[in-house]
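Enquirer: Dropping a structure here in structure tokens format, bear with me for questions.
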Amino acid sequence: DYPNHKLTAALRFHAGDALVWAGDLTDAKSQFDLVVAAGDAQWADDALRGKLQVAVRLKDHAAIDRLSDRFAERFPDSPLQSDVRRMLVRSLIQREEHQRAVEILEPMLDADEEPETLDEERYLLSLAYAGIGRHQDALDVLSPVSEATPGKLRDDALLARASMLMKLQRFAEAIGPLEEALAAGPAGDDAVGSLGNLAICHAQTGRLDKA
């Protein structure tokens, strides 16, 4: 072991990253802890984000709050800051702290110029708006995402769009997004939920033969 070698921090970070993907979260956290403690200028922010990823996998929301605050204080100019905020926002939405998520996301959308991350932030903001009953605002911000290139984010956006239209009792409009999402072949709960919602929409629009 060569703790002071110039490549040690990089090797430990990549080892931790591999361990996260392998599901060995305890050992992954140990590797990230060593990098953060060493204070390597190049890898410390990556390692602290790695610790946050471990907390996300464990659904340890208190740790997610603590680590995201620590990241903001220690690395305010890191290019990873937006990624850290998105992880925090997903955690906030999971625990239904939607107003706090809105307060974080709105300025992020104003500043973000990357199409891929901007679409993810729009999707997350739509979920946060829906969580505080702002369903029309949720639809408005989601619109560019559901028209984006096909992929999982687009499929998630279609299901979210259908859900928000149903909340507004616009059942006829919800049929299209549901059918499009089902055509993509969702699995598990998404498939069951989509089929159930489609049946409700058909019934609510008088198409009982399709319900």
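The values are calculated or read from the model by the stated rules, or taken from the named source; none is laboratory data. The shown structure was predicted, so the numbers you read here are calculated from the model rather than taken from an experiment. Cβ coordinates were reconstructed from backbone atoms using ideal geometry, including for glycine residues, and neighbour counts include every protein chain displayed. When the accessible area is computed, the model is the full protein with side chains, heavy atoms only, and any ligands, DNA or RNA have been set aside. Shrake-Rupley method; radii C 1.70, N 1.55, O 1.52, S 1.80 Å.
Enquirer: Given the Cα-Cα distance of residue 41 and residue 103 and 0.36 nm per residue of separation, how much length would full extension add, in nm?
Expert: Contour length minus Cα-Cα distance gives 19.3 nm.
Enquirer: Given points 7 Å out from each Cα along the Cα-Cβ axis, report the residue 117 to residue 60 separation in nanometres with one decimal.
Expert: 2.5
Enquirer: Another question, if that's okay. Any chance you could give the angle, 0 to 90 degrees and rounded to 10, that helix 81-94 forms with the longest Cα principal axis of the chain?
Expert: Approximately 50 degrees, to the nearest 10.
Enquirer: For the chain, restrict the atom set to alpha-carbon positions and state the Rg and Dmax in Å.
Expert: Cα radius of gyration and Dmax of the chain are 20.5, 72 Å respectively.
Enquirer: Another question, then. Given a 1.4 angstrom probe, I'd like the percentage of the accessible area of region 66-211 that is carbon and sulfur, rounded to a whole number.
Expert: Carbon and sulfur together cover 47 percent of it.
Enquirer: Same structure again: Indicate the gyration tensor shape class of region 71-155 (rounded, prolate or oblate), computed on the Cα atoms with a ≥ b ≥ c the square roots of the eigenvalues: a/c under 1.5 is rounded; otherwise a/b larger than b/c is prolate and the rest oblate.
Expert: Oblate, because a/c is 1.5 or more while a/b does not exceed b/c.
Enquirer: From the phi angles alone, apply the Karplus equation (6.51, -1.76, 1.60; θ = phi - 60°) to region 32-38 and give each ³J(HN,Hα) in whole Hz, x where the residue is Gly or Pro.
Expert: 5, 4, 5, 5, 4, 5, 6
Enquirer: Still on this structure, please answer the following. Using the Kirkwood radius over Cα pairs, work out the Stokes-Einstein diffusion coefficient for region 108-211 at 20 °C and 1.002 mPa s, in µm²/s as a whole number. Don't jump to the answer; show the numbers that get you there.
Expert: On the way: Rh = 13.9 Å.
It diffuses with D of about 154 µm²/s by this estimate.
Enquirer: Next question. Any idea of the accessible area per residue across the chain, 1.4 Å probe, to the nearest Å²?
Expert: Heavy-atom accessible area per residue stands at 55 Å².
Enquirer: Here's something else I'd like to know. Between rounded, prolate and oblate, where does region 32-86 land on the alpha carbon gyration tensor, with a ≥ b ≥ c its root eigenvalues, rounded for a/c under 1.5, else prolate if a/b exceeds b/c?
Expert: Oblate shape, in that a/c is at least 1.5 and b/c is the bigger or equal ratio.
Enquirer: Across all directions of projection, what mean area in square nanometres is found for the Cα convex hull of region 12-119?
Expert: Answer in nm², one decimal: 6.9.
Enquirer: Could I ask something else about it? Would you mind getting me the FRET efficiency between residue 204 and residue 183? Use the beta-carbon distance for r and R0 = 35 Å, nearest 0.05. Don't skip to the answer; put the middle values down first.
Expert: On the way: r = 21 Å, r/R0 = 0.60.
Calculated transfer efficiency: 0.95.
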